[in-house]
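Notes follow once the structure below has been shown.
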Amino acid sequence: AETAVPERADPDPGNAVVSEVYVERIPGLPEDFIDGMDISSVIAEEKSGVQYLDRSGNPVDLFEFLAEQGIDTIRVRVWNDPYDDEGHGYGGGNCNAEVAAEIGRRAAAAGMNLLVDFHYSDFWADPNKQMEPKAWAKKSADDKAELAYEYTKKSLTDIIAAGSQVSIVQIGNEINNGLSGRTSKFDVIKILRRASDAVREVSSDTADDIKIAVHFTGVDNKNQIAEKAQWLTDEQLDYDIFGVSYYPFWHGSLSGLTEVLKAAKETTGKDVMILETSFPRTTEDGDFTPNSAGDEHELGNYFVSVQGQAQAIRDVYKASFDGGAIGVCYWEGAWIPVPGDQNEKKRLWEEYGSGWASSYAGSYDPGDAGRYYGGSSWDNQAFFTADGHALDSIHVFRGVHYGTFSEADPMSGYCKDPNAPVVSEVDSLLENSGFEDEDMSMWEVSFEGSDNPTDRQTKEADAMHGENAFHFWSSKAVEFTMKQTISVAEDGTYRATAAIQGGDTGDDAEIYMFAAVNDNEQRSDPIKLSGWVNWKEPVIEFDASAGDSVTVGFYVKCKPGGWGTIDDVSLLSDG
């Protein structure tokens, strides 16, 4: 039976991107929807010897390369004074106003705007940590408000004077629980007001149309975000964008994100925007500093893979657009490991600030940076390999506007007709061919080892048709056979077909479909899995007589971490 599903959007024939990942175009997404990326660490990375390369291995200028991929806005964090008394940088890119000015200049030269993210701290600011700048220590809220005004106005003026095209200024970073050492909402609003005043004055002086953003996180706590939106409305703060962070592995469902954005937009009457998001493309760590996310093979509904990264961000775009957002900004998409062995990496982190924190940051933040300083915990979420080669997942930024297609099959999309109806159960002499029924007793599964690497998975994105498929994955070596045996009723030629997709199985993987008549087995050609929804569809034809025992199934043997789904295992008679 056929079940209705939303029609998939075909790629834009004039602008679609040739890619090895599939990104479905989002119909109606405006051309001026902001496609942003934070690359605050880039100057420190380059000083440390990092090179960015295209898919062919040719060196590229990161700014020019990102512009070519559809990025129109570069985001940069700004700390007041991320240096100790002897001039040693705290790390994290040592991102002061001078660094921001250089990043802004290079962004403008590549045709991109700049989103300036003032933390009003000397180092990282987030919901758990809003430390005051050293120079503002023990100042009253009123004094800090004036200092924020002066600092914002001077820094922003200098950044623009360097040649930056500033389009948005954040006054604070993830300020759910405070700002610049102050936790009282009465104190925080004083600082926000004067920071806003400074941005408005610079915007007027330069005749630049600079929008002001206020930034929160934790959208999985809908009540807290609603309270913040109402608070800003009640206080009548002068700003333009209610911004949030949304990380798929931390902040709940996409439907929840859409709901939060719609509510904030309605409450505030302001634009809404995703100021930070990301997703890992691998579980591997490239620089001896543990990753912040991605230790699991799957995070939420997505495989940790290059395709999974693209799909997750595409879906964030869709949920954000559905919620009324004006843009999405990816966080630190180029923060990859610096070159060298472990000792050399440590030296570079210390000298150039290319790790998340140097040992020198301990004088300012002894409880966190002073204990856990090191490299990038985000390298597995970049759009580049550990040695700097660009990945196809970078195509998501043009893909959301225009779609992608494969050179091998320009109409492929999911490697099948993107507008074909979804069939919940295929025609077949076999029972439960599409694995839509919970009863799996007709399928015999045998496996090596103590843990069964297989299960029946409900996830439409990983099924050829319907919502369910036969799924495999294990952190250990995978080896199993799945099969079903029936007795055929008539003489004739029979045709066994199936669909299988997956990846990370290794060069030595052994994967094939088989069909056996009594004890006479035939096998398909070896199957090499090449990525998410790159479906392989083996076919085996054979003759059988009435009463013969016919078995159809799959054999899979692959390395730890190999994964995939099998769907639509069908047996039909040509008669």
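The values are calculated or read from the model by the stated rules, or taken from the named source; none is laboratory data. What you see is a predicted model; the values in this text were computed from it and never measured. Backbone-built Cβ (ideal geometry, glycine too); neighbour counts: all protein chains shown. What goes into the accessible areas is simple: the full protein's heavy atoms, side chains included, and nothing from ligands, DNA or RNA. Shrake-Rupley method; radii C 1.70, N 1.55, O 1.52, S 1.80 Å.
Convex hull volume of the Cα atoms of the chain, normalised per residue: 160 Å³. For segment 449-575, the dipole from Cβ point charges (+1 on Lys and Arg, -1 on Asp and Glu) about the Cα centre works out to 420 debye, to the nearest 20. Carbon-plus-sulfur accessible fraction, the chain (probe radius 1.4 Å, protein heavy atoms only): 44%. Other residues within the sphere of radius under 10 Å centred on the Cβ of residue 529, judged by their own Cβ, net out at +1 (K and R +1, D and E -1). The stretch between residue 442 and residue 343, if pulled fully straight at 0.36 nm per residue, gains 30.0 nm over its current Cα-Cα span.
Positive end of the dipole of the chain, charges at C-beta (+1 Lys, Arg; -1 Asp, Glu), about the Cα centre: which of 487, 202, 497 has its Cα farthest in that direction? Towards the positive end, the residue furthest out is 202.
Mean sequence separation of contacting Cα pairs (under 8 Å, at least six apart), scaled by the length of segment 160-264, corresponds to a relative contact order of 30 percent. Based on every Cα atom in segment 470-571, Rg and the maximum pairwise Cα distance Dmax equal 14.2, 44 Å. Across segment 105-199, Cα-Cα distances exceeding 20 Å account for 35% of all pairs.
Sorting the segments 554-560, 461-467, 290-296 by their residues' average number of neighbouring beta-carbon atoms within 10 angstrom, most packed first, yields 461-467, 554-560, 290-296. Packing, taken as the mean count of other beta carbons within 10 Å per residue, orders the peptides 307-313, 527-533 from highest to lowest as 307-313, 527-533. Label positions at residue 98 and residue 60, each projected 7 Å from the Cα along the C-beta direction, are separated by 3.1 nm. Rounded to the nearest 20 debye, the dipole magnitude of segment 224-282 is 340 debye, with +1 charges on Lys and Arg beta carbons, -1 on Asp and Glu beta carbons, and the Cα centre as origin. Solvent exposure of segment 321-365 amounts to 34 Å² per residue of accessible area, where only protein heavy atoms count and the probe is 1.4 Å.
Sequence-distant contacts, meaning Cα pairs under 8 Å at least 6 residues apart, place the relative contact order of the chain at 16 percent. Using the Cα coordinates of segment 442-490, the gyration tensor eigenvalues translate into equivalent-ellipsoid semi-axes of 22, 19, 7 Å, sorted from longest to shortest. Sorting 256-269, 111-124, 18-31 by their mean Cβ neighbour count within 10 Å, with the most densely packed peptide first, gives 111-124, 256-269, 18-31.
Residue 250 exposes around 120 Å² of accessible area when a 1.4 Å probe is run over every protein chain in place. Of all DSSP bridge pairs formed entirely within the chain, close to 65 percent run antiparallel. Diagonalising the gyration tensor over the Cα atoms of segment 167-270 and scaling each eigenvalue by 5 before taking the square root yields semi-axes of 24, 16, 12 Å, largest first. Along the axis of the charge dipole computed for the chain (Cβ charges of +1 for Lys and Arg, -1 for Asp and Glu, origin at the Cα centre), the listed residues 41, 177, 380 are led at the positive end by 177. Kirkwood radius for segment 185-332, taken over all pairs of different Cα atoms as the inverse mean of 1/r, rounds to 16.6 Å.
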